[in-house]
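This report refers to the structure that appears directly beneath it.
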Amino acid sequence: MQAEADALTGNGLACTIHAPFMDLNPGSVVRQIREVTRRSFNDVLDAAEIFKPQIMVFHPGYDRWRYGEKKEEWLRHSIDTWQGVLERAEGIGCTIAVENIFEEEPSTLVALLEAINSPRLRHCFDVGHWNLFKTVGMEEWFAALGSYIAETHIHDNHGFRDDHAPLGEGGIDFKLFFSLMEQSAPEAALTIEAHSLEKLDRALTNLQQFLP
């Protein structure tokens, strides 16, 4: 990994890291799952010690179908997990950003961010995930979390599946999205989440219509 990190630095490139997430949950009510999650998070933080990313994106692990009646328990366990992550992030000098996945509205993320109250813990707004699970408009989401956004994931869909289509090829209002980003988080990292080079090329072409 050191060679890859040196190659980025040598070419004047900064990076961000997306942490592992499959079958992990930092706020699980099951102790063994939290322990595995923390080990996995520590593994990626070991990599961050080498790459020195500006931002690391993590999944929070909440959805109301599993935790609707245990929201406070999920939050308590989450706080404990993130405090350990943030201790290491401080030494690395990076920001931790929790991404919306199944969240239908922003209250659980707001509760987590306010409870920990650290400038190192921010939000990664995934506009594609918002479109899939939303029960609130984009303006309402930004009113609650816009000031916390450190990174955003840009991809499109029609609200039925996580297509990761190029922006402008689904149903998301990207004119509104970029306007809200400019108002609330103009310094945030913008990440095009394309799952192929062909989709990346289309996304970069489509992006031009939304640039000033």
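The values are calculated or read from the model by the stated rules, or taken from the named source; none is laboratory data. Model, not experiment: these values are computed from the prediction. Reconstructed Cβ throughout: ideal geometry from the backbone, glycine too, with neighbour counts over all protein chains shown. SASA here: full protein model, heavy atoms, side chains in, ligands and nucleic acids out. Shrake-Rupley method; radii C 1.70, N 1.55, O 1.52, S 1.80 Å.
Scanning region 72-118 for residues that are within 28 Å of Met138 (Cβ to Cβ) and polar (S, T, N, Q) yields Ser78, Thr95, Asn100, Ser107, Thr108, Asn117, Ser118. Of all residues in region 88-122, those that are surrounded by 21 or more Cβ atoms within 10 Å (Cβ to Cβ) and over 20 Å from Phe41 (Cβ atoms) total 1.
Of Thr108, Thr191, Thr152, all but one fail to be touching a residue at least 24 places away in the same chain (Cβ under 8 Å), among the polar types (S, T, N, Q) and in contact with a Pro (Cβ under 9 Å, 6 or more places away or on another chain); the exception is Thr108. Of all residues in region 139-172, those satisfying the criterion of being among the hydrophobic types (A, V, I, L, M, F, W, C), open to solvent by less than 30 Å² (accessible area, probe 1.4 Å) and within 16 Å of the chain's Cα centre (by Cα) are Trp141, Phe142, Leu145, Ile149, Ala150, Ile154. Residue selection: Trp82 satisfies the criterion of being crowded, with 22+ Cβ neighbours inside 10 Å and either farther than 28 Å from Ala194 by Cβ or over 15 Å from the mean Cα position of the chain (by Cα) (or both).
In region 21-64, the qualifying residues are those that are open to solvent by 70 Å² or more (accessible area, probe 1.4 Å) and part of a loop (DSSP other than H, G, I, E, B), and the one that is nearest to Pro106 (Cα to Cα) is Phe21. Filtering region 65-78 to residues that are assigned to a helix (DSSP H, G or I) and either hydroxyl-bearing (Ser, Thr, Tyr) or open to solvent by 40 Å² or more (accessible area, probe 1.4 Å) (or both) leaves Trp65, Arg66, Tyr67, Lys71, Glu72, Glu73, Arg76, Ser78.
For region 175-191, the criterion of being over 18 Å from the mean Cα position of the chain (by Cα), of a type in the set (A, V, I, L, M, F, W, C) and closer than 25 Å to Asp63 by Cα is met by none of the residues.
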